[in-house]
Amino acid sequence: MNKNFFKTASIAGLAAMGLLLNACDDENNGDEVALLKSYLNVSADVEGSVEASDLAGATVTFTNTRSKDVYTFKLPANLNDGEGSVLVQVPVGIYDISMEKTVDGKTIFIRKQNVTVKSENQQIDAKIIATVANSSDYQFIFSEVFFNGERNAGRMMHPDQYMVLYNPTDKVLYADGLAVGCTMQNSNGEKKSWFDQYYGQGNVPVHGIIVIPGSGYEHPVKPHDKIVIAFTAINHHETEGKYADVNEKGDTTWVSFKYENAVDLSGADFEIYDPQLYTSDVDNPEVPNVREIYPAESDLGGFGGFYQHPRGFNCPFIFKLENGEQSTLDAFFKEHSSVANVKDEDGNNVEIQMLSVPEKMILDGITTGHIPSGIVTNPLPLTVDRGEQLVKGCHSGLLVRRKGSDEKGYADTNNSSEDCEIVEEHHAFPSGWRH
Ligand SMILES: [Ca+2]
Ligand SMILES: [Ca+2]
Ligand SMILES: [Ca+2]
């Protein structure tokens, strides 16, 4: 049954319809009941992402979860900034509320499930989400990658590694499921025994993958805005470290030191928390953690985890999963893991579990390495990056930065030699840096 109640219909008319349905009620074993007047209050999930003209004529559907009866309502024409209220009249029940419209390269939708309507004048709040119309318009690029680390108290460290993923489009993009892989092949070494087997089929084996969590529409990123992922989201500058000073007799003295050249990353949007790989890792409860996909499920020769070598040997690249739910990560692992044969230290053939990402899924990547060796083997397909960014050495405080600015956008010709540069600085992202 489809009952169309548009805003233009008079309240009296609707009330009469309600009475009519009530009248039917006695004959239909209670299937038809009085309509309750409620209000659906809509607002844009992201400020500025929805305009009144985008929503003109959009229809909101209430579907009764039990009877599957459908009730539709037009959004009013004057929803400036997507804000407004629409009168809805449905019987008592539990409803799925939806709306969807594609306009100007954007898909604008409402999805709200299991909303109980049980009394008059109920206020139902719903967010209007606007995102890109199709996946080919979805894009993120690296605007900064800080893998190099620096020297603190004269010691080589990379506690404040981070990366910045930038939305170069003019649409709101949701980062749920946005992923960064680092290559298993290192840029300073000869081809691994499995290289041709994987790259020959358009697959890039990974040392590890990090994924932004979320069910699909939890983490909006505005046009020309960015996401900062810290290796550890704390104020590294104020952190005290300890190192073991072992003398000739084998006596250990713990010596305190400060990370004087490290920066404050406590305002990062996400952090990597991986006590399995990094036993001294700390978890800032204020900063959500990324999920991870390891190449190996068990100890089947499996090694890895997300890792950025301070000389850039494991090249970073961006791709996108449908969302950031654990079940989606598990499904990706299942579909893209396989077994490769390698020789162990004694020259015996052993099998290792490998995880790879199809080249066609990759959105952006930067070929990184160091000057002493240059790029011996390119860990990224040339379609992803036909250039390179090389640091002079480890722990030199060097940042790989894309040329441009957040406001004006960045160079991206898939040639990092042209698009990027190396500078002797790296940024702090303290709490509240965005405001
Ligand atoms: Ca960490
Ligand atoms: Ca955390
Ligand atoms: Ca690119």
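Just so it is clear, none of the values below were taken in a lab; they were calculated from the coordinates. Please read all numbers here as calculations on a predicted model, not as lab measurements. No Cβ is skipped: glycine too gets one built from the backbone with ideal geometry, and neighbour counts run over all protein chains shown.
The largest-to-smallest principal axis extents of the Cα set in the stretch 37-161 are 72, 31, 24 Å. In plain terms, the chain is cut at each of the trypsin sites (Lys or Arg not before Pro) found in a DSSP loop with at most 14 other Cβ atoms within 10 Å, and the longest leftover piece is 250-391. Its DSSP H runs of at least 4 residues, each contributing -39,500 (n - 2.57), put the calculated 222 nm mean residue ellipticity of the chain at -2500 deg cm²/dmol, to the nearest 500. In a DSSP loop and with at most 10 other Cβ atoms within 10 Å, the GluC sites (Glu not before Pro) in the stretch 244-283 are Glu248. Between Lys249 and Thr65, the contour length at 0.36 nm per residue exceeds the alpha carbon distance by 58.7 nm. Against the chain, whose longest principal axis is taken from its Cα atoms, helix 11-25 shows a tilt of about 80°. For the stretch 41-61, the residues whose amide N sits under 16 Å from a probe point set 7 Å from the Cα of Lys222 along the beta carbon direction are 44-51. Taking the number of Cβ atoms within 10 Å of each Cβ as an exposure proxy, the fewest-first ranking of Val46, Val339 is Val339, Val46. Compute the relative contact order of the chain as a whole-number percentage, counting only Cα pairs closer than 8 Å that sit 6 or more residues apart in sequence. Once divided by the residue count of the chain, the mean separation gives 15 percent. Multiplying the residue separation of Ala34 and Leu277 by 0.36 nm and removing their Cα-Cα distance gives an extension gain of 81.5 nm. Label-to-label distance for Ala77 and Phe195 is 6.5 nm, based on points extended 7 Å past Cα in the beta-carbon direction.
For the stretch 59-166, applying the loop criterion from DSSP together with a ceiling of 11 other beta carbons within 10 Å to the GluC sites (Glu not before Pro) yields Glu120.
Could you calculate the FRET efficiency of Ser431 with Asn114 from 1/(1 + (r/R0)^6), where r is the beta carbon distance between them and R0 is 30 Å, rounded to 0.05? E(calc), rounded to 0.05, equals 0.25. Residues Asp196, Asp69, Asp176, ranked from the fewest to the most other C-beta atoms within 10 Å, line up as Asp196, Asp69, Asp176. In the distance distribution for the chain, Cα-Cα pairs more than 32 Å apart total 49 percent. A full extension of the chain between Ala411 and Glu424 corresponds to an added length of 2.7 nm, given 0.36 nm per residue minus the alpha carbon distance. Rounded to the nearest 10 degrees, the inclination of helix 326-336 to the longest alpha-carbon principal axis of the chain is 60 degrees.
Kindly list the residues of the stretch 187-214 that lie in the label zone of Asp330, defined by a backbone N under 19 Å from the point 7 Å along the Cα-to-C-beta vector. Label zone hits: 209-214. Residues Cys394, Cys182, Cys315, ranked from the fewest to the most other C-beta atoms within 10 Å, line up as Cys394, Cys182, Cys315.
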